[in-house]
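First up is the structure itself, then whatever we jot down about it.
The values are calculated or read from the model by the stated rules, or taken from the named source; none is laboratory data. All values reported here derive from a predicted model rather than from experimental measurement. Neighbour counts run over all protein chains shown; Cβ positions are idealised from the backbone, glycine included.
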Amino acid sequence: MNYRTICIAGVDGTGKSSTIDEVVRRIGKDKAFIQYMGAKLWETEVARNSIERHKYFFPVSTVMFVYAYIYEMFYRINKHKKSGKIIVYDRYVYEHALLRSSVGTGYSGKIINSILSFAFLKCFPKPDITFYLCCPLEVSLSRKTDINTQQELDNLQRSKNILDDYYKGKNSVIVIDTSHTQQNEVVDIIMNTIQE
């Protein structure tokens with residue numbers, strides 16, 4: 001297998017998480033590792049401490065937030081590279097830059113988003129191969145049971161629009177429509193591609 005870093009991206013309800021679990025199971029849990037890149041708890045003390053210690057001191061808090069954010073993502077991307085395992089990323093840093101840029105307001109927000117966009121979209125290492133799972137919004141909603149408010153629906157629609165525009169326009173990304181494709185077929189497409 002020529003690919004050591006594999007990214008599987010997609011908004012909630014596209015089947016991303018279950019697909020990633022099955023891909024790793026087929027590769028073998030002794031040979032592959034899932035690295036979550038979404039908005040989960042900070043994985044490093046550097047990020048946790050920087051955010052907590054400086055959260056009340058603007059503009060120091062802004063500088064430390066950007067530093068901690070970039071450090072955290074760099075750590076997640078690289079922490080398993082020496083293990084010799086295949087790393088399967090659940091999302092990637094692109095989404096942090098793309099989604100933040102759509103909500104950043106004010107002077108400091110625009111500065112933060114500019115720095116993060118440059119770091120995440122231009123400077124960070126790219127996965128060897130990226131798969132983007134997508135489907136119509138109504139299909140995502142039929143698969144999700146935890147979207148209960150209009151705001152959550154709007155956020156999902158906004159995320160879908162942003163990621164569709166980004167991933168579908170890239171020749172290096174393999175786009176898979178999961179609306180009419182069974183999960184085992186999606187996994188077959190991914191496995192056949194990475195084993196070629």
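Do you know which residues across the range 165-186 are surrounded by 15 or more Cβ atoms within 10 Å (Cβ to Cβ), assigned to a helix (DSSP H, G or I) and under 18 Å from the mean Cα position of the chain (by Cα)?
Y166, Y167
Keeping to the range 27-51, report how many residues are over 14 Å from the mean Cα position of the chain (by Cα) and either β-branched (V, I, T) or surrounded by 14 or more Cβ atoms within 10 Å (Cβ to Cβ) (or both).
11
Being touching a Ser or Thr at 6+ places or on another chain (Cβ under 6 Å) and of a type in the set (S, T, Y) is true for just one of T178, T193, T149. Which residue is that?
Every option except T178 fails the conditions.
What are the residues in the range 176-196 that are free of Cβ contacts under 8 Å to residues at least 60 places away in the same chain and within 18 Å of S18 (Cβ to Cβ), if any?
Scanning the range 176-196 gives I176, D177, S179, H180, T181, Q182, E185, D188, I189.
Which one is nearest to the chain's Cα centre (by Cα) among residues in the range 120-164 that are of a type in the set (S, T, N, Q) and loosely packed, with under 14 Cβ neighbours inside 10 Å? Steps first, please.
In the first step, residues of the range 120-164 are kept if they are of a type in the set (S, T, N, Q); the result is 130, 140, 142, 145, 148-151, 155, 157, 159, 161.
Filter again for loosely packed, with under 14 Cβ neighbours inside 10 Å, leaving 142, 145, 148-151, 161.
On the way: S142: 22, T145: 21, N148: 23, T149: 23, Q150: 23, Q151: 21, N161: 15 Å.
Once the filter is applied, the top-ranked residue is N161.
Which members of the range 138-175 meet the condition of being among the hydrophobic types (A, V, I, L, M, F, W, C) and touching a residue at least 24 places away in the same chain (Cβ under 8 Å)? Write out each step before concluding.
Residues of the range 138-175 among the hydrophobic types (A, V, I, L, M, F, W, C): 139, 141, 147, 153, 156, 162-163, 173-175.
Passing the criteria: V139, L141, I147, L156, I162, L163, V173, I174, V175.
Name the single residue that is modelled with the lowest pLDDT among those in the range 21-40 being assigned to a loop (DSSP other than H, G, I, E, B) and either in contact with a Pro (Cβ under 8 Å, 6 or more places away or on another chain) or more than 17 Å from V93 (Cβ to Cβ) (or both).
Per the criteria, the residue is K29.
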